[in-house]
Amino acid sequence: MGRRRKGDPVSGWVNLDKPRGLGSTAAVGRVRRAFNAQKAGHAGTLDPLASGVLPIALGEATKTVPFLMAADKTYRFTVRWGVETTSFDAEGAVTAVSDDRPAPAAISEALSAFVGEIDQVPPAYSAIKVAGERAYDLAREGLTVSLDARKVVIHRARHIGSPDSDHADFEIECGKGTYVRALVRDLASRLGVRAHVAELRRTRVGRFDEAAAIALESLESLCDRGAPLEALLPVETALDDIPELAVTDEDAFRLTQGRSIVLLPRQVETLTARLNASRTVSARHGTRIVALCEMRAGRLNPTRVFHLA
């Protein structure tokens, strides 16, 4: 007999407004303890110095994390001109200083070159693995870290304003894998100045935005009062762009057993018109998600089965 998992079988998403100074892993741990949940994970790391939207999955919702990891994100951040650091944020050691400051018009012009699909080299202080080790661990040991450029997409970027000559505020909307610190590094290089990220806030991840996010202390207070469900979103919240199909009792049972089901011609036609490249379909029975499936040759083949009460 398998070992019984500790905690309660809580499933759903929490739209957490992560405070500055707390790491993503630590934030997940506090949310998990607040709910006494058996299992928890997050969709997209936020550095300790960053704040904002950190979607946290509990229980069966962890099976949908990959779909949210691929979602577009929005960031607001402040750049400090004249000071460059090892990590290109306020946490790193200062490596260079300069009295040069870019003009607002030059900032906006230079920023436009980074909109669209670009090649971006991740910062050395990142969680990317190099020969089995995290890049930031190697960098902190003083080792030279060489990372390959990656294709990333920045859908929109704007210079919001400059409160003073030493700082500038920005907002970007971007795709998976984009590093704000790398963008600031490259922007500064294009402008011929030194810079780092002074403040960073994530305002949106897919359907999760800051307007509906809950502060960690407010969440813990809700849980202490015995009202945790007020902060819990459905498992399928992360599946914004995936077509749904209502299934019968019999088909729901087959899918939960890991077996495929045959679709009617009209179902194939309707789903085909809405499918994305992954060919993923969400099978539902009543108000409950049953499985995520791949549609092939007129059949739904379950790839992730959900066990929800």
Exercise. Out of all the residues in region 236-243, is one or more outside any loop (DSSP other than H, G, I, E, B), open to solvent by 20 Å² or more (accessible area, probe 1.4 Å) and not β-branched (Val, Ile, Thr)?
Worked result: yes
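Yes/no per residue for (1) modelled with pLDDT under 95; (2) of a type outside the set (Ser, Thr, Tyr); (3) in a strand (DSSP E or B):
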{"site": "ARG3", "(1), (2), (3)": "yes, yes, no"}
{"site": "LYS6", "(1), (2), (3)": "yes, yes, no"}
{"site": "LEU16", "(1), (2), (3)": "no, yes, yes"}
{"site": "ASP47", "(1), (2), (3)": "yes, yes, no"}
{"site": "THR62", "(1), (2), (3)": "no, no, no"}
{"site": "PRO66", "(1), (2), (3)": "yes, yes, no"}
Problem set entry | Tally of residues being surrounded by 14 or more Cβ atoms within 10 Å (Cβ to Cβ) and either touching a residue at least 60 places away in the same chain (Cβ under 8 Å) or in a loop (DSSP other than H, G, I, E, B) (or both) across region 20-32 | 6
Exercise. Which condition breaks for VAL79 when tested against (1) open to solvent by 20 Å² or more (accessible area, probe 1.4 Å); (2) aliphatic (A, V, I, L, M); (3) outside any helix (DSSP H, G or I); (4) closer than 20 Å to ILE154 by Cα?
Worked result: (1)
For this session: May I ask you to list the residues in region 44-72 that are open to solvent by 10 Å² or more (accessible area, probe 1.4 Å) and under 11 Å from TRP13 (Cβ atoms)?
Result: GLY59, GLU60, THR62, VAL65
Problem set entry | region 96-136, residues that are of a type in the set (Ser, Thr, Tyr), farther than 14 Å from VAL184 by Cα and modelled with pLDDT of 95 or more | SER98
For this session: Identify the residue in region 279-309 that is under 23 Å from the mean Cα position of the chain (by Cα) and open to solvent by 60 Å² or more (accessible area, probe 1.4 Å) and, among all such residues, is farthest from THR248 (Cα to Cα).
Result: ARG279
Problem set entry | Out of GLU199, GLU171, sole residue that is closer than 23 Å to LYS18 by Cβ, under 19 Å from the mean Cα position of the chain (by Cα), at pLDDT 95 or above and open to solvent by 50 Å² or more (accessible area, probe 1.4 Å) | GLU199
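The values are calculated or read from the model by the stated rules, or taken from the named source; none is laboratory data. In this text, all values refer to a predicted model and were calculated from it rather than measured experimentally. Cβ atoms come from the backbone with ideal geometry, glycine included; neighbour counts cover every protein chain shown. Note: areas computed on protein heavy atoms with side chains; ligands, DNA, RNA excluded. Shrake-Rupley method; radii C 1.70, N 1.55, O 1.52, S 1.80 Å.
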